[in-house]
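Q: Quick one: this structure, given as structure tokens, is what I'll be asking you about.
The values are calculated or read from the model by the stated rules, or taken from the named source; none is laboratory data. On a predicted model such as this, the values are computed, not experimentally measured, just so you know. Reconstructed Cβ throughout: ideal geometry from the backbone, glycine too, with neighbour counts over all protein chains shown. Accessible surface areas use protein heavy atoms only, side chains included; no ligands, DNA or RNA. Shrake-Rupley method; radii C 1.70, N 1.55, O 1.52, S 1.80 Å.
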Amino acid sequence: MTNQQPPERVPQQPHAAAARASAFPLAWQGNPALPRVLPFATYIAFIVLADVLERFGAQPASLRWLYPIQITLVLAMLIAWRQHYQELRDRPSHSHVLWGALIGALVFVLWLLLDLEWMHFGNPRVFDPAGADGHIDWPLIAIRAAGATLVVPLMEELFWRSFLLRWLVQRDFLLLRPARAGLSAAIISILLFGSEHNLWLAGIVAGLAYTWLYMRSETLWTPIVGHAVTNGLLAAWVVTTGSWIYW
């Protein structure tokens, strides 16, 4: 009778486990920038696409279907790569949430006030909620409001605050405490954030407020709360008053 040894177990390679843990097992496991940059880049790409299609003669009303696709893709990326966002594991204190909400409400008020002609950059693409028959498309409005309030703040804060603000100081940005980002990086990121918006001065003010919240609290949830409150109040204002130009 022969004694059989149990088969030797082959140790699992760390990179194989990481690949299975990700919904999109791509070769950027060592590059933490990409899961923070790609959702934002995808969002911007759809804005550029809509502009190009309009230049080629597409009517704005025919491009309304782009936003649901845009926001769905961004949300899918954020969900699929959620294990990469270690900065979201730290929950803010109640005081940080309160400060975020208060600052977010203040930014909303300033956003409406900072609307003089010289504070505009370019010609905004006005959101048209009416379909071909002239009736308001309420499901589309609901998607727009939910995207602006729930998805955009998370996506933009991951890019502008968590990534870019710290990356401007050091490439291994995850090792840098937000409070140590420094004035130069803050100014650059705030100005770039403002240039992303048609109301550029309001955008700069918002970027200043969210950056201050992040560097002060050192948790990304604080500016996310502030950003979400601003966008949520703005969405309510737009729907209530019909001021679609803010969308």
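Q: Note down all Cβ pairs under 7 Å where the first residue falls in the stretch 104-124 and is exposed (fewer than 15 other Cβ atoms within 10 Å of the Cβ), the second is assigned to a loop (DSSP other than H, G, I, E, B) and not β-branched (Val, Ile, Thr), and they're at least six residues apart or on different chains.
A: Listed by first residue and then by second, the contacts come to Gly122/Asn198; Pro124/Asn198.
Q: When you go through (1) among the polar types (S, T, N, Q); (2) under 30 Å from Trp65 (Cα atoms); (3) at pLDDT 95 or above one by one for Gln170, which number turns out not to apply?
A: The failed condition is (2).
Q: OK, next. Examine the stretch 165-184 for a residue that is aliphatic (A, V, I, L, M), closer than 30 Å to Glu117 by Cβ and touching a helix residue (DSSP H, G or I) at 6+ places or on another chain (Cβ under 9 Å), and state whether such a residue exists.
A: No.
Q: Turning to a different aspect of this structure: Quick check on my filter: what residues within the stretch 131-141 are open to solvent by 50 Å² or more (accessible area, probe 1.4 Å) and either under 23 Å from Arg82 (Cβ atoms) or touching a helix residue (DSSP H, G or I) at 6+ places or on another chain (Cβ under 8 Å) (or both)?
A: Within the stretch 131-141, Ala132 is the sole residue that qualifies.
Q: Is there a residue being among the polar types (S, T, N, Q) and open to solvent by less than 40 Å² (accessible area, probe 1.4 Å) anywhere in the stretch 142-156?
A: Checking the stretch 142-156: at least one residue is among the polar types (S, T, N, Q) and open to solvent by less than 40 Å² (accessible area, probe 1.4 Å).
Q: Can you tell me which of Ser189, Ser162, Ser195 is surrounded by fewer than 23 Cβ atoms within 10 Å (Cβ to Cβ) and hydroxyl-bearing (Ser, Thr, Tyr)? Before you say what the answer is, go through the steps one by one.
A: On the way: Ser189 fails: surrounded by fewer than 23 Cβ atoms within 10 Å (Cβ to Cβ); Ser162 fails: surrounded by fewer than 23 Cβ atoms within 10 Å (Cβ to Cβ).
Within the list Ser189, Ser162, Ser195, the selection yields Ser195.
Q: A follow-up question, please. Kindly list, by first and then second residue, each pair from a residue in the stretch 210-234 that is of a type in the set (D, E, K, R) to a residue that is at pLDDT below 95, limited to pairs with Cβ atoms under 9 Å and residues at least 6 apart or on different chains.
A: Glu218/Asp90
Q: With Gly232, Gly182 as the choices, which residue is open to solvent by 10 Å² or more (accessible area, probe 1.4 Å) and over 30 Å from Ala80 (Cβ atoms)?
A: Gly182
Q: Of the numbered conditions (1) open to solvent by less than 40 Å² (accessible area, probe 1.4 Å); (2) out of contact with any Gly (no Cβ under 9 Å at 6 or more places or on another chain), Arg171 satisfies every one except a single condition; which is it?
A: Of everything listed in (1) open to solvent by less than 40 Å² (accessible area, probe 1.4 Å); (2) out of contact with any Gly (no Cβ under 9 Å at 6 or more places or on another chain), Arg171 misses just condition (1).
Q: Please give the helices (runs of 4 or more DSSP H) falling wholly within the stretch 1-108 in which 1 or more residues are farther than 25 Å from Ala228 by Cα and at pLDDT 95 or above.
A: Output list reads 34-55.
Q: Can I ask one more? Kindly check whether there is at least one residue in the stretch 86-103 that is open to solvent by 60 Å² or more (accessible area, probe 1.4 Å) and closer than 23 Å to Ala142 by Cα.
A: no
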